[in-house]
Amino acid sequence: MGAGVGERRASVPPGSGWPGDPAVATTPVATDAAAVRELAQVSTVDELDARVSVCRACPRLVAWREEVALTRRAAFAAEPYWGRPAPGFGPADARIAVLGLAPAAHGANRTGRVFTGDRSGDWLYAAMYRAGLASQPTSVHAGDGLVLHDVRVIASVRCAPPANKPTPVERDTCRPWLVKELQLLRPTLRVIVVLGAFGWQSLWPALAAASLGAVPTPRPIFAHGAEEQVNGLTVLGCYHVSQQNTFTGKLTEPMLDAVFARARIVTESGTESSRGGVGR
């Protein structure tokens with residue numbers, strides 16, 4: 001995976017051989033909010049992924065993700081860590097997008113793939129597999145052969161934040177990446193499954209900035225099973241697949257399956273008129 005076993009680096013150099021690394025040594029690097037806005041103006045998802053994966057615009061997040069990559073969790077002490085932002089994962093012509101909060105310190109920040117290598121990802125990819133959206137029920141590391149079908153997984157903030165809490169400034173600095181990703185996905189995109197209240201709150205200003213239709217006013221309130229329509233897009237709310245929710249039973253497998261079943265119904269009907277809602 002690029003770095004040798006046990007080798008400690010703050011991050012994997014772009015283009016050094018990590019499976020699925022979208023960047024190369026010459027990929028331009030955003031170092032502040034203005035540069036993010038400028039470098040987000042790309043024409044393909046592949047180029048967006050490359051630029052996202054080397055972003056250094058938020059000093060606190062850069063310092064944290066790289067500190068985690070150096071110190072590591074004891075269970076992964078012999079493994080190299082990605083230590084960079086996690087780009088989206090899945091086809092550029094997906095009809096379903098899954099929007100989460102941010103990479104986990106020892107999940108995507110370790111593996112290089114969003115929602116991969118932690119319990120949250122175990123739940124998410126297993127549910128997508130049951131829904132026919134993933135080639136296998138597990139996502140362990142970036143070179144494990146997993147392929148997503150008709151779904152792309154993205155995050156509101158692309159770097160692992162301390163205590164899983166990005167600041168408002170960090171969220172806003174990262175937003176142009178999300179805005180451009182939504183614009184690039186829009187020709188085929190029909191459904192956005194939003195995991196958790198943070199992702200829900202971050203989506204509406206991103207949709208407005210992407211000029212994808214009139215955003216409801218007042219902003220819709222997050223709830224599991226919430227369903228909103230925005231100019232042909234169906235937005236579905238889902239409790240986050242965090243351990244706090246899955247261990248306590250706040251989110252169960254049937255609840256998660258119902259959200260993806262609803263997403264499939266919308267995409268396969270080709271219209272939002274078959275509104276049935278998600279069981280809560």
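Where a number appears in this text, it was derived from the coordinates with a stated rule and is not lab data. Just so it is clear, the model here is predicted, and its values are computed rather than measured. Cβ coordinates were reconstructed from backbone atoms using ideal geometry, including for glycine residues, and neighbour counts include every protein chain displayed.
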query = Can you give me the Cα centroid spacing of the range 202-276 and the range 102-180 in angstrom?
reply = 17 Å
remark   = Residue ranges of DSSP H helices in the chain that stretch 30 Å or more (Cα, own long axis) and have mean Kyte-Doolittle hydropathy of at least -1.0 are none
key: DSSP-defined beta bridges in the chain - what % are antiparallel, rounded to 5   = 30 percent
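Quick one: order Trp82, Trp64, Trp123 by neighbouring beta-carbon count within 10 Å, fewest to most. Intermediate results must be reported in sequence, preceding the final value.
Working: Trp82 30, Trp64 18, Trp123 21.
The order, fewest Cβ neighbours first, is Trp64, Trp123, Trp82.
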Likely footprinting exposure, Tyr239, Tyr129, fewest C-beta neighbours within 10 Å first = Tyr129, Tyr239
ask   = If you take the beta carbon distance between Gln201 and Val24 as r and set R0 to 41 Å, what does 1/(1 + (r/R0)^6) give as a FRET efficiency, to the nearest 0.05?
value = 0.75
Order of Arg37, Arg119 under a 10 Å beta carbon neighbour criterion, fewest first = Arg119, Arg37
inquiry  = What value in Å³ per residue do you get for the convex hull of the alpha-carbon atoms in the range 86-269?
reply    = 103 Å³
task = Over the chain, calculate the relative contact order: mean separation of alpha carbon pairs under 8 Å at least 6 apart, over the residue count, as a percent.
result = 17 percent
key: Fraction in percent of alpha-carbon pairs per bin - 10 Å, the range 31-156   = 13, 43, 33, 11, 0
query = Is the range 104-192 rounded, prolate or oblate when judged by the Cα gyration tensor, a ≥ b ≥ c being the square roots of its eigenvalues, rounded requiring a/c under 1.5 and prolate requiring a/b larger than b/c?
reply = oblate
ask   = Running Debye on the range 7-58 with equal point scatterers at the Cα sites and no solvent, what base-10 log of I(q)/I(0) appears at q = 0.15, 0.22, 0.24, 0.29 Å⁻¹?
value = -0.41, -0.81, -0.92, -1.17
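For Ser135 and Val147 in the same chain, what is the full-extension length gain: residue separation times 0.36 nm, less their Cα-Cα distance, in nm?
3.8 nm
Report the extension gain between Ala77 and Thr217 in nm, rounded to one decimal, defined as 0.36 nm multiplied by the number of residues separating them, less their alpha carbon distance.
My answer for the length gained is 45.6 nm.
Report the full-extension gain for the segment Gln244 to Thr31: residue separation times 0.36 nm, less the Cα-Cα distance, to one decimal in nm.
Extra length from Gln244 to Thr31 when fully extended: 73.3 nm.
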query = Using helices alone, what [θ] at 222 nm do you get for the chain, with -39,500 (n - 2.57) per DSSP H run of 4 or more residues, divided over all residues and rounded to the nearest 500?
reply = -10500 deg cm²/dmol
note = Under 5 Å from the placed amide H of Ala134, counting only residues 5+ away or on other chains, we find Tyr129, His149
note = 1/(1 + (r/R0)^6) with r = Cβ-Cβ of Val169 and Thr252, R0 = 30 Å, i.e. FRET efficiency to nearest 0.05, evaluates to 0.25
